[in-house]
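Here is the structure we will look at, set down as structure tokens.
The values are calculated or read from the model by the stated rules, or taken from the named source; none is laboratory data. Remember, it's a predicted structure, so these values are computed and weren't measured experimentally. Glycine gets a Cβ as well: all are built from the backbone with ideal geometry, and neighbour counts include every protein chain shown. Keep in mind that these areas ignore ligands, DNA and RNA; they rest on the heavy atoms of the full protein, side chains included. Shrake-Rupley method; radii C 1.70, N 1.55, O 1.52, S 1.80 Å.
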Amino acid sequence: MTRKPRAHTSRLHVALAAGVVLTMIAGDALGQDTTRRRRRTEDAKPIELTPAQVADLTKLANSRKLSVDDLVAAAKTYLPSGRHDDYVLFSSGGQSGQVFAIGVPSMRLLRSISVFTPESWQGYGFAGDNDAVRERLKINGKPVEWGDTHHPALSESGGEYDGQFLFIGDKANARLGVIDLRDWETKQIVKNPLTVSDHGAAFVTPNTDYVIEGGQYATVLGYGYATPEDYKKSYRGMVTMWKFDRAKGRIDESQSFALELPPYWQDLADAGKLASDGFFFVNSFNTEMATGGIESGKPPFEAGASQRDTDYLHIVDWKKAEKVFKDGKAKKINGFSVITMDTSAAEGILYFAPEPKSPHGVDVTPNGQYMVVAGKLDPHVTVYSIEKVKKAIADKKFSGKDDYGIPILDFDAVKEAQVELGLGPLHTQFDDKGYAYTSLFLDSAVARWSLGGEYDSKNADEPWKLVQKTPVQYNIGHLCAAEGDTVSPDGNYLISMSKWSVDRFLTTGPLLPQNFQLLDITSPGTTMPVIFDAPIGVGEPHYCQMIKADKLKSWDIYPEIGWNPHTQALDPHSPQKGKEGVVRDGSTVTVNMTAIRSHFTPEHVMLEEGDHVTWRITSTEQTKDATHGFCIGGYNINLSLEPGEFAEFEFTADKPGTYPFYCTEFCSALHLEMMGYLHIKPKAAPKADASDTKPATTASAK
Amino acid sequence: MSAFLSRLIGPRIPDEELRTNRARYLTPTVTFMVARILLLVSIFFPYWHMELEAPQYPNGLFLTAYVNNLTEDVKEIDGLNHYIGMRPLGEAAAFERSASVYLMIAMVLMVEVAAFIHSKWAVLLAIPVIGFPVGFLIDLYFWMRHFGLNLDPHAPLSNSVKPFVPTVLGEGGIGQFKTYAELGNGYWLAVASGALIIVGFFFHRRAYRPLTLPATQNLKAAA
């Protein structure tokens, strides 16, 4: 058969056409990748010091009075320009009401995040009248515009930090702040309606189903009143389980509940994990139920609350509590669901275990098997086993009940070990080598001690034994190891949150900074040097957590132009480019403004005295770090307009005049020119006619 | 078929000849085919890149031109350009960008037709493809020059940045920026496409020229 040449050619055409399509698809995918050539940051090449360089370095070290250890410490912590830290430390900002983010190992302050305190740089609480931030800072209608931030808690998935959210407790006012770590802004503040102040907040359950808030100073729950004589009868402690809705990024108050507790002073909390998942633990002091009264010759609280040799570790089966709450067995106090002590006792939710003496931290080991309670007024840490606790509950091994009918587990039945560390043990964290680290306040030291059980084989040291004490300067409170309260601590670094700095820095008047000290805990055994001192001169930080930096997935800029950080969505009211202007409806005026380097649109806004104004601004920037500000002098208004951000404020134009407004972030070479005028025309005609100098371009409201 | 037309489209291949010398006639066809594919594929690759370097942009700013699109940091570069009074880049070569894909399909179809013309006139149909890369560069240069030389004299930085001709290829500079411009993979695909067509014509001539000679002699003989 003779093949027609045309038939051959057309088959070839089909094959090649298919090739075109395939190559185009591949080409398209490839093209996307090749468009941007990422510039590599150049890492330094391996170095070798020449004898001359060694001589120079030695000379330099001697002239600055540096030891070899100092040089090594500097080499461990110094970061050249442009190099990033391995970890981020999220620290409470103490009475500043803020949270600080600090890089580790450089210990450089990266930024602060305002939570309970208005802060002008972030435009937090400076958005005129009815500011959403100021509104949510009110308690019982009163502005409470500071907080005593205590315990930050990073959100967890499976007991690991997931880098999505950060919670922070306000001890002074029993509040909780929720920070979204995509934009590092506070999204929500919840106020506990049961209690005035708290302490053990915030601690999360292993999947962040709940955020735990332990109380502290007993009151009559729900802002009630009773005299100290009625202390035992009417005062109560509490612990609250705040339900976290991860999809919404908010605490759901309607699904949250509390446990009524005896009026012991509940302290720190920690959630169980792995072996102890489903439980959480809170310790307590003042089980004496002392009521003080130094003014009438009675023992002061400090003595009265320290009489007994043991207090009570509270063991809470929160999964049971959750079920009881969902079954509707909670009662309402001040509108909030509370499981009473009677219900807790009847349902087997709450058990006590004796703990020596006025203890402070309770910290669960990474495998969840042990709870470590630091004695504070007792030189030991006492280690409890969850297995033994569960068995004692099952076997009803009780040594009695307290005055409120809560069963007390037999101490010897639940105790695993006691390790003598020194004076004033407060808090414990963990590493990856089978060591625990406990802060010793009175000894002013960090104790490294070896864990037993399945951790025994992880280091050469004998189990349940003190290994090393490194002095810190001074009066350490909390400490924090890298991911040291998760199911898989990293080791590497440890922070000593030293309360007093005394002589460590230049004297800054009678008020001195705290001292964040970095310890290198990479080597086992007795090697655990302090390698950096970082002064913190903004509030007294309380606790911090250290997360691997690459777990944080922060936004460079807001995802869309006109993004409202309060709703984490594109705002339907956000002014867009080309849609700017001023809309008047009687004396109600809406200003729609955009900001981009280096101008606001519009630049003149004409108002009349008494106008009520809603002013909306969108930054149409899309470049990382191209942040603008916006302020109006005399009206207490300042906004931070990050790229893509939408912000809104309200005010009444009650003081006439000509007000320059301007960009408060040095945004560009023409930053000073990034301004405009707000003209508020007086109601009565002014005596001297100044209206001749009418601006050429106006966006006057009709 | 008129003699003119038959001279234009050239001789058909006798079946016997094709069967014995298939490769000889397939080679130009396949070469043109590959050239057409390369040209089509080039639409999906960048033709031109410019990287702008300045102290405050440690990761650089990038401009990437496809035949029908200008992408990457256009918005930021426009934002910066407004300080020197340069018009937004989106206004440059708007017609070229909207027409380019149709133009390229037309060129591909012309080469397709050329594959069936077995005379030297086939070259005429392929000239646009061969000249396309040069045309692209000339157009790019024209627009860059036009934009650079026509700055708004009222712009804030008009005092320190005078009208200029941006560098189309290689290293240039404007203000605190250093610019590096280079041709992209798409451009090189288009160049390869043109080169293959030239190679294809070598095979084309080798295949069909011998067939033409006797045909012309026959015509002469008939006259």
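For the reader, a short list of remarks on this structure follows.
- Checking the stated criteria, B:GLU16 turns out not to satisfy the condition of being more than 7 Å from chain A (Cβ to nearest Cβ), touching a residue at least 60 places away in the same chain (Cβ under 8 Å) and charged (D, E, K, R).
- Test: residue in segment A:91-104 that is more than 16 Å from the chain's Cα centre (by Cα) and surrounded by fewer than 23 Cβ atoms within 10 Å (Cβ to Cβ): no
- Each residue in segment B:87-99 was checked for being of a type in the set (Asp, Glu) and under 15 Å from the mean Cα position of the chain (by Cα), and 1 of them qualify.
- Every residue from segment A:539-557 that is buried (at least 16 other Cβ atoms within 10 Å of the Cβ) and more than 16 Å from the chain's Cα centre (by Cα): A:TRP555, A:ILE557
- Flag if B:TYR57 is under 30 Å from B:LYS178 (Cβ atoms), within 10 Å of chain A (Cβ to nearest Cβ) and open to solvent by less than 40 Å² (accessible area, probe 1.4 Å): yes
- Among the residues making up segment B:141-161, those that are loosely packed, with under 12 Cβ neighbours inside 10 Å and either within 14 Å of chain A (Cβ to nearest Cβ) or free of Cβ contacts under 8 Å to residues at least 40 places away in the same chain (or both) are B:HIS154, B:ASN159, B:SER160.
- Test: residue in segment B:26-41 that is in contact with a helix residue (DSSP H, G or I) (Cβ under 6 Å, 6 or more places away or on another chain) and over 30 Å from B:ILE9 (Cβ atoms): no
- Qualifying residue in segment A:394-412 (condition: open to solvent by 10 Å² or more (accessible area, probe 1.4 Å) and under 30 Å from the mean Cα position of the chain (by Cα)): no
- Residue in segment A:481-497 that is most open to solvent (accessible area, probe 1.4 Å), counting only those that are in contact with a Phe, Trp or Tyr (Cβ under 9 Å, 6 or more places away or on another chain) and farther than 19 Å from A:GLY525 by Cα: A:ASP485
- Candidates are the residues of segment B:19-29 that are in a helix (DSSP H, G or I) and more than 9 Å from chain A (Cβ to nearest Cβ); the one that is nearest to B:TYR102 (Cα to Cα) is B:PRO28.
- Look at segment A:217-228: where a residue is within 16 Å of A:MET289 (Cβ to Cβ) and a partner is open to solvent by 70 Å² or more (accessible area, probe 1.4 Å) and part of a helix (DSSP H, G or I), sitting 6+ places away or on another chain with Cβ atoms under 8 Å, you get A:ALA226/A:LYS233.
- Matching residues in segment A:600-622 - criterion: being in contact with a strand residue (DSSP E or B) (Cβ under 8 Å, 6 or more places away or on another chain) and within 14 Å of chain B (Cβ to nearest Cβ): A:THR601, A:SER619, A:THR620, A:GLU621
- Residues (open to solvent by 30 Å² or more (accessible area, probe 1.4 Å), touching a His at 6+ places or on another chain (Cβ under 6 Å) and within 30 Å of B:ILE84 (Cα to Cα)) located in segment A:637-686: A:GLU665, A:TYR677
- Strands (runs of 3 or more DSSP E) completely within segment A:457-524 that count 1 or more residues being among the β-branched types (Val, Ile, Thr) and not assigned by TED's automatic domain parsing to the domain that holds A:GLU160: none
- Among the residues listed as A:GLY169, A:GLY125, the single one being over 20 Å from A:LYS243 (Cβ atoms) and in the same structural domain as A:HIS478 (by TED's automatic domain parsing): A:GLY125
- The set of residues in segment A:284-302 being in a loop (DSSP other than H, G, I, E, B) and surrounded by 16 or more Cβ atoms within 10 Å (Cβ to Cβ) consists of A:ASN286, A:THR287, A:GLU288, A:MET289, A:ALA290, A:THR291, A:GLY292, A:PRO299.
- The numbered conditions (1) on the phi > 0 side of the Ramachandran plot; (2) more than 14 Å from chain B (Cβ to nearest Cβ); (3) open to solvent by less than 40 Å² (accessible area, probe 1.4 Å) are all true for A:GLY634 except (3).
- Looking across segment A:303-338, the residues that are free of Cβ contacts under 8 Å to residues at least 60 places away in the same chain, assigned to a strand (DSSP E or B) and more than 30 Å from A:GLY424 (Cβ to Cβ) come down to A:ASP317, A:LYS331, A:LYS332.
- Members of segment B:11-29 found to be surrounded by fewer than 17 Cβ atoms within 10 Å (Cβ to Cβ) and either closer than 28 Å to B:ILE105 by Cβ or under 32 Å from the mean Cα position of the chain (by Cα) (or both), listed by number: B:ARG12, B:ARG22, B:ALA23, B:ARG24
- Hey, B:ALA92 under 27 Å from B:PHE177 (Cα atoms), among the small types (Gly, Ala, Ser) and either more than 8 Å from chain A (Cβ to nearest Cβ) or open to solvent by less than 20 Å² (accessible area, probe 1.4 Å) (or both) or not: yes
- Any hit, segment A:641-648, residues being within 14 Å of another protein chain (Cβ to nearest Cβ), in a loop (DSSP other than H, G, I, E, B), more than 21 Å from A:THR588 (Cα to Cα) and at pLDDT 95 or above: yes
- Qualifying residue in segment A:84-91 (condition: modelled with pLDDT of 95 or more and within 14 Å of chain B (Cβ to nearest Cβ)): yes
- For segment A:207-248, a residue qualifies if it is among the hydroxyl-bearing types (Ser, Thr, Tyr) and assigned to a loop (DSSP other than H, G, I, E, B), and the qualifying residues are A:THR208, A:TYR217, A:TYR223, A:TYR225, A:THR227, A:TYR235.
- Residue check, A:PRO366 open to solvent by less than 10 Å² (accessible area, probe 1.4 Å), in contact with an Asp or Glu (Cβ under 7 Å, 6 or more places away or on another chain) and under 27 Å from A:SER488 (Cα atoms): no
Conditions (1) more than 24 Å from B:VAL41 (Cβ to Cβ); (2) at pLDDT 90 or above; (3) more than 13 Å from the chain's Cα centre (by Cα), marked per residue:
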{"residue": "B:ASN68", "(1), (2), (3)": "no, yes, no"}
{"residue": "B:ASP73", "(1), (2), (3)": "yes, yes, yes"}
{"residue": "B:ASP78", "(1), (2), (3)": "yes, yes, yes"}
{"residue": "B:GLY85", "(1), (2), (3)": "yes, yes, yes"}
{"residue": "B:VAL101", "(1), (2), (3)": "no, yes, no"}
{"residue": "B:ALA106", "(1), (2), (3)": "no, yes, no"}
{"residue": "B:VAL111", "(1), (2), (3)": "no, no, yes"}
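- Hey, B:ALA65 of a type outside the set (Asp, Glu) and more than 30 Å from B:HIS204 (Cα to Cα) or not: yes
- Test: residue in segment A:361-374 that is assigned by TED's automatic domain parsing to the domain that holds A:GLY477, more than 26 Å from the chain's Cα centre (by Cα), more than 23 Å from A:LYS233 (Cβ to Cβ) and modelled with pLDDT of 95 or more: yes
- Filtered residue count, segment A:580-611, keeping only those that are open to solvent by 60 Å² or more (accessible area, probe 1.4 Å) and among the β-branched types (Val, Ile, Thr): 2
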